[in-house]
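Here is the structure we will look at.
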Amino acid sequence: MDYANLRDAYLAVRRQSEAIVAQLEPEDCVVQSMPDVSPTRWHLAHVTWFFETFVLKPFLPSYESTHPAFEYLFNSYYNTVGRQFPRAQRGLLSRPTVADVLDYRRHVDQHMQRLLEDPPHDFAEPARVIEIGLNHEQQHQELMLTDIKHVFSCNPLYPAFQNRAASESSTTRQLGWQRFDEGLYEIGKAGDGFAFDNESPRHRVFVESFELADRLVTCGEFRKFIEDDGYQRSEFWLSAGWATVQENQALGPGPDAWPYAMYWQQRDEDWYHFTLNGMRPIDPAEPMCHVSYFEADAYARWAGARLPTEAEWEIAAADQSLTGNFIESGALHPLPVAQDSNSRQTFGDVWEWTASQYTAYPGYAAADGALGEYNGKFMCNQFVLRGGSCVTPASHIRSTYRNFFPPSARWQFSGIRLAK
Ligand code: AVJ
Ligand code: FE
C-alpha cells in the first residue's frame, strides 16, 4: 500500500466508524449490557488510543497527549503498555462524555494526518502499524454493531438501529453437498496483501476426503432442532455445552436465556427475533445466526453431520469470489440465498464456526513488543470462525482470515455450515 493510499484509507475507515455512531444517541453509546459488550463510546476511544499509543507516541516526536489518563482507560489488554481499567466495568463511566471522545478522535486524526501527509524518510514501520490500526478499527466497527444489538435487545422498547424492511418470507435451495478429494493442501496467508499474524505461516495440511454443505443452515432448519427437543436431549451435546445450557436455563426470559436460540421469542405459535432492524418475524429461509459453538455442534450432530475444520473451510473457500452480504449491503442481517442463486454463502451473512481450536500454525511466532499481544496470547480455549458476517466491512475479510471466540459466545453474528 503506498502512503497516499494509506492516508485515504485512514480517513475512510475513521469516517466509517463515525457514520455508525451518527445513527445513535449519546445515551445509547454508554451502556454495557454484559461483560462481553463494550459501550460504543469505549470502542470509539479505544481504536483512537491504538493510533495514539502505537503510531503517534513512537513515531511523531512533536505529539502531545491531551488526556494522559486515557492510556489506562482505553487500553484493552496490552500488558506491555500498562494496567487496564477493568473490562466488565466499562459501562460505569459517564465521563469522558461521547462528545469528549469525538474531540479526542479529532485530535488524534489531526496528528495522524500530519504524519501521513508528510511521512518521515523511514516510514515503513509506522505504515505497517497504521495498516494494523485500520484493520483493528474495522474489527471494532463490527463489534460496535454486534454490541449495540445486544444493548438494544435488553430494552423492552426494542429500539431499532435502523428500519430496513424485512424481505418477504422466502424460500431457499435444497441443501446440497460439494465433495473434495483427500490430499495435501496449503492454507494460510499467501501474497503480500495485509493479513493478521495468526494467518501465518502458510503451511501444508493433509485432509481426508470430505463434503461441505453448499449453503448455511437456515432458521427453519434450526427450528426443527428446537421442536425435536434438541435443547433437552443431552445426547447431542458436548459435556461443556450441556452444562452451559443447564446453567443458562435458570436465567429466565431475555436475550441470555437458553434453551432457545439467542434473540428468539415465541409469541403464540409464531417465532420472532430481535434484529438491528427491530423485532421481526423469523424468515425460515434465512441463515441461522447467534449460535454458540456448543449449539452449532449439537445441531450438526442432530442433523447427522459435523462442523468443518478450518482447513476444510479454507480449501473450499480458496476459489470463491470475495463477495457476499457484508456491512455495505446495509441489511445488517443475514439474508436467504435465492432458489436460483449459485452462491454458497461462503463470505458474509454469518461467521461460520469451525471444529478447529484456535491455535498457532506450525512455525508461528508472535511479534516482539506490545503488538505481539494482539492475537497470539488468545490461543487457548477458543474456536476458529471463518468467512465474515453481515456486519463485517467487505475490505476486511479474506479466505485465510481467522476469527476466534470461546465456545459459549453467541452474541456475535455466528452461524452454521455443515460438513461430513
Ligand atoms: C478477533 C474479534 C476476537 O474482539 O478481541 C479487537 C478483535 N482484537 N481488538 C476481539 C480485536 C483487538 C478480537 N476478535
Ligand atoms: Fe481492540
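Read-outs throughout are calculated quantities, based only on the coordinates presented, and are distinct from any laboratory measurement. Remember, it's a predicted structure, so these values are computed and weren't measured experimentally. Cβ sites come from the backbone with ideal geometry, for glycine too, and all protein chains shown count toward neighbours.
Its Cα centre serving as origin, the range 177-415 has a Cβ charge dipole (Lys and Arg +1, Asp and Glu -1) of approximately 300 debye. Please state the relative contact order of the range 3-153 as a whole percent: Cα pairs under 8 Å, 6+ residues apart? With pairs under 8 Å counted, the relative contact order is 40 percent.
Show me 143-156, 92-105, 382-395 ranked by packing, highest mean number of other Cβ atoms within 10 Å first. Don't skip to the answer; put the middle values down first.
Details: 143-156: 20.2, 92-105: 15.4, 382-395: 24.1.
Packing order, densest peptide first, comes out as 382-395, 143-156, 92-105.
When the chain is treated as a Gaussian network with alpha carbon springs shorter than 10 Å, the biggest mean-square fluctuation among P120, P61, P336 belongs to P61. Fully extending the segment from Q232 to N381 would add 51.1 nm, taking 0.36 nm per residue of separation and subtracting the current Cα-Cα distance. Taking a ≥ b ≥ c as the square roots of the eigenvalues of the Cα gyration tensor of the range 129-217, is the shape rounded (a/c under 1.5), prolate (a/b larger than b/c) or oblate? Note, shape of the range 129-217 comes out oblate. With a simple spin-label model that places each label point 7 Å from the Cα along the Cα-to-Cβ direction, the separation between N135 and Q357 comes to 2.5 nm. Measuring how big the chain is from its alpha-carbon positions, Rg and Dmax come out at 21.6, 68 Å. Taken about its Cα centre, the chain carries a charge dipole of roughly 380 debye when the Cβ of each Lys and Arg holds +1 and the Cβ of each Asp and Glu holds -1. The GluC sites (Glu not before Pro) of the range 93-185 that DSSP puts in a loop, and whose beta carbon has at most 16 other beta carbons within 10 Å, are E168, E182. Assuming a ≥ b ≥ c are the square roots of the Cα gyration tensor eigenvalues, decide whether the range 260-343 counts as rounded (a/c under 1.5), prolate (otherwise, with a/b larger than b/c) or oblate. Oblate, because a/c is 1.5 or more while a/b does not exceed b/c. Ranking T172, G133, A394 by Cα position along the charge dipole of the chain, where only Lys, Arg, Asp and Glu carry charges on their C-beta atoms, puts G133 farthest toward the positive end. The modelled label-to-label distance between D340 and A19, using points 7 Å beyond Cα along the C-beta direction, is 3.1 nm. Amide H contacts of G278: F161, Q162, each under 5 Å away and 5 or more positions distant or on a separate chain (H built 1.01 Å from N in the peptide plane; Pro and chain starts excluded).
The helix-based estimate of mean residue ellipticity at 222 nm for the chain, built from -39,500 (n - 2.57) per DSSP H run of four or more residues and divided by its residue count, is -9500 deg cm²/dmol to the nearest 500.
Remark on A355: its backbone amide H falls under 5 Å from those of T309, E310, a criterion applied only to residues 5 or more positions apart or on other chains, H modelled at 1.01 Å from N. Taking a ≥ b ≥ c as the square roots of the Cα gyration tensor eigenvalues, the range 13-127 comes out prolate, since a/c reaches at least 1.5 and a/b is larger than b/c.
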